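All remarks here apply to the structure that follows.
We did not get these values from a lab; they are worked out from the coordinates using the rules stated. Quick caveat, the model's predicted, so the values are computed rather than measured. Heads up, the Cβs are rebuilt from the backbone with ideal geometry, glycines too, and the neighbour counts pull from every protein chain shown.
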């Protein structure tokens, strides 16, 4: 039987694309296909090198009729290899952040993103099946010259998201303070300086007994981390916790302890943490940028203007007004139920069906 292999630009714990690749591999193997994840070895975390294979081995491993699915998200050698492979091909676009966000902050990442945009344009027509995890991303593919791309939303491992939270982390955050949470990489497009500005108003004028928790890695963006830490001091904020990346149990505890999830991000191709917050019944307040409104799909609370004082007031309502909290939570539960009721494995099989016909 043919195999279905996946190409990723990087393979790590806590990374959304890596997590989805694992879920899809489990689906493909459940269908009876051999399935491996391929990545440049230098971009696989050392502790995960038994879970992914070296990109350089893929061409030799392919057989006639095999399928390769590329996860397209940044400039990568995997993108170049994908174009050259002689097999059936599918592409899943996760969005490429505009490089301008990283200019003057991390030029290497800006270069990788610009390269990714160029490679994405060059790959138009390279795959027989083109997918994207949001309509927002489908529109980007169309602008890059792709035709007939379809939406296939991110396949999440809800069992992990609902796993028991860390008791130690729960104990640390469950101390009577109002916890405002954001989960996402420490990157300029996430607008963490705006997050701090909103929290400044919240802590000074709405709820003094409050804490801001940011869960996310600044690896490769240490200069941006320095800027954010400087802003914390300039704004004289108390109790801002920057945890870095966390294992799943500790992340689950952060969600469990949060009173409100706040996102000020300006560019999102999907935004998984919005759904993660819903899983833990945390009211969401988010800036309506990119695919955020599409991911929320009528749930949570959206705003379209960054009035930090008004954002702070709404945070206060969401933290303390039980009727409002109940209404927002009900809407989020309904959205989450609709998402989970979809048979994504069947949808994916239907999308990939043309690759298994002669």
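DSSP beta bridges fully contained in the chain are about 0 percent antiparallel. I'd like the distance between the alpha-carbon centres of the stretch 302-358 and the stretch 174-189, rounded to an integer number of Å. Cα centres, the stretch 302-358 to the stretch 174-189: 18 Å. Here are a few candidate values for semi-axes √(5λ) of the Cα gyration tensor in Å: (1) 37, 22, 19; (2) 40, 22, 19; (3) 34, 22, 19. Which one was actually calculated from the structure I just gave you? Only one option fits the structure, namely (1). Name the shape class, rounded, prolate or oblate, that the alpha-carbon gyration tensor gives for the stretch 163-340, where a ≥ b ≥ c are the square roots of its eigenvalues, rounded holds for a/c under 1.5, and otherwise prolate holds if a/b is larger than b/c and oblate otherwise. It is rounded, given that a/c, with a ≥ b ≥ c, falls under 1.5.
Among DSSP beta bridges whose residues both lie in the stretch 163-340, state the antiparallel percentage, nearest 5. Taking every DSSP beta bridge with both residues in the stretch 163-340, the antiparallel ones total about 0 percent.
Take 273-283, 91-101 and order them by the average number of nearby Cβ atoms within 10 Å per residue, most first; the result is 273-283, 91-101. For the chain, the 222 nm mean residue ellipticity estimated from helices alone, with every DSSP H stretch of n ≥ 4 adding -39500 (n - 2.57) and the total spread over all residues, rounds to -12500 deg cm²/dmol.
Principal-axis analysis of the Cα atoms of the chain puts helix 308-320 at an angle of about 80° to the longest axis. Where the centre of each part is set by its Cα atoms, how far does the stretch 211-243 sit from the stretch 64-79, in angstrom? Between the Cα centre of the stretch 211-243 and that of the stretch 64-79, the gap is 35 Å. In terms of packing, defined here as the mean over residues of other Cβ atoms within 10 angstrom, the peptides 66-73, 284-291, 312-319, 48-55 line up highest first as 66-73, 284-291, 312-319, 48-55.
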